[in-house]
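To start, the structure under review is shown below, and the notes come after it.
The values are calculated or read from the model by the stated rules, or taken from the named source; none is laboratory data. Just so it is clear, the model here is predicted, and its values are computed rather than measured. As a convention, Cβ positions derive from the backbone with ideal geometry for all residues, glycine included, and neighbour counts pool all protein chains shown.
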Ligand SMILES: [Zn+2]
């Protein structure tokens with residue numbers, strides 16, 4: 001979405017049948033100086049009287065296609081919104097999308113600020129290092145934002161028992177592979193992988209970049225199931241599947257790549273898409289799946305399905321139902 005010369009005003013029609021609790025503004029893939037910096041949002045319920053719904057100044061977007069969430073203080077069943085928005089100084093405005101939501105994605109997480117982030121670029125002269133900087137202008141805030149989204153996806157509230165992550169050490173480095181987490185919360189991300197995926201369209205490149213980071217942050221925040229990651233295929237698939245389930249749930253996979261076949265214990269996206277699909281049966285399925293790792297003394301997919309859906313549930317039956325769903329869609 002680009003503003004035409006002199007036009008910084010956008011209007012949106014809504015059904016008007018439900019309270020709008022928040023709105024999200026997505027930055028564009030253009031330069032950061034073109035991002036929305038200040039705006040006024042007005043709304044009308046009856047088509048005549050316009051309320052000033054929200055007003056912001058000095059806003060920043062830490063990465064390209066970054067989605068910033070703004071809670072509406074006095075929600076109403078608005079039928080129409082009008083946004084007047086400007087970039088900083090006299091820069092041309094660019095943004096990619098605006099969404100109005102009948103849900104509040106922050107809710108109980110208002111005071112959850114996320115971890116400290118120590119960012120190091122160990123390969124600043126590499127193509128991948130430069131490409132990363134073109135996508136992510138403020139790596140610390142970018143990581144914190146990803147961490148907040150991961151925590152909200154894995155847990156019901158900040159009061160839940162979760163690994164205490166104070167600081168994430170995040171480094172770009174030159175190695176073969178994609179990314180890995182070591183120690184408590186040290187994440188290394190390969191500049192070679194960044195370069196290799198940079199040929200795709202900018203939006204897809206950005207999605208892959210954010211998705212890799214989210215996958216590794218899940219490893220920091222998820223509860224590890226009791227069992228042997230190296231030798232027990234189900235434990236491995238649980239850990240890697242949950243990381244990709246959260247990535248999928250945050251919209252960071254092309255869901256058209258879902259295909260029938262494979263096994264629930266294959267791990268990564270084969271398992272991840274399945275766990276994410278479980279949300280069609282219970283909106284809290286990902287959170288309960290993560291909780292099962294904490295609660296079950298002997299973790300298995302079958303035990304986890306019984307933990308989430310009750311003693312009649314089996315992994316075989318749920319996997320078959322998921323396969324049938326994939327075959328039809
Ligand atoms: Zn992983």
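How many residues does region 248-261 hold that are surrounded by 16 or more Cβ atoms within 10 Å (Cβ to Cβ) and more than 16 Å from the ligand (Cβ to nearest atom)?
Summing the residues that are surrounded by 16 or more Cβ atoms within 10 Å (Cβ to Cβ) and more than 16 Å from the ligand (Cβ to nearest atom) in region 248-261 gives 1.
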> Quick one: in region 204-219, which of the residues that are within 11 Å of the ligand (Cβ to nearest atom) and touching a residue at least 40 places away in the same chain (Cβ under 8 Å) is farthest from residue 138 (Cα to Cα)?
Replying inline: 218
> What's the number of the condition residue 329 fails, among (1) surrounded by 13 or more Cβ atoms within 10 Å (Cβ to Cβ); (2) within 25 Å of the chain's Cα centre (by Cα)?
Replying inline: (1)
> Among the residues of region 154-175, which ones are more than 16 Å from the ligand (Cβ to nearest atom) and either assigned by TED's automatic domain parsing to the domain that holds residue 289 or closer than 17 Å to residue 131 by Cβ (or both)?
Replying inline: 171, 172, 173, 174
>> Given the condition without any contact (Cβ under 8 Å) to a residue 24 or more places away in the chain, in a loop (DSSP other than H, G, I, E, B) and farther than 25 Å from residue 287 by Cα, answer yes or no: does some residue in region 87-101 qualify?
In response: yes
> How many residues, within region 281-329, are touching a residue at least 24 places away in the same chain (Cβ under 8 Å) and within 25 Å of residue 105 (Cα to Cα)?
Replying inline: 13
> Say we look at region 224-241 and pick out the residues that are in contact (Cβ under 8 Å) with a residue 60 or more places away in the chain and within 15 Å of the ligand (Cβ to nearest atom); which of these is surrounded by the most Cβ atoms within 10 Å (Cβ to Cβ)?
Replying inline: 238
> Any idea how many residues of region 102-133 are crowded, with 17+ Cβ neighbours inside 10 Å and either touching a residue at least 60 places away in the same chain (Cβ under 8 Å) or in a helix (DSSP H, G or I) (or both)?
Replying inline: 8
> Does residue 204 qualify as being buried (at least 21 other Cβ atoms within 10 Å of the Cβ) and not assigned by TED's automatic domain parsing to the domain that holds residue 286?
Replying inline: no
>> Tell me yes or no: at least one residue of region 180-193 is over 19 Å from residue 268 (Cβ atoms) and away from the ligand (no atom under 16 Å from the Cβ).
In response: yes
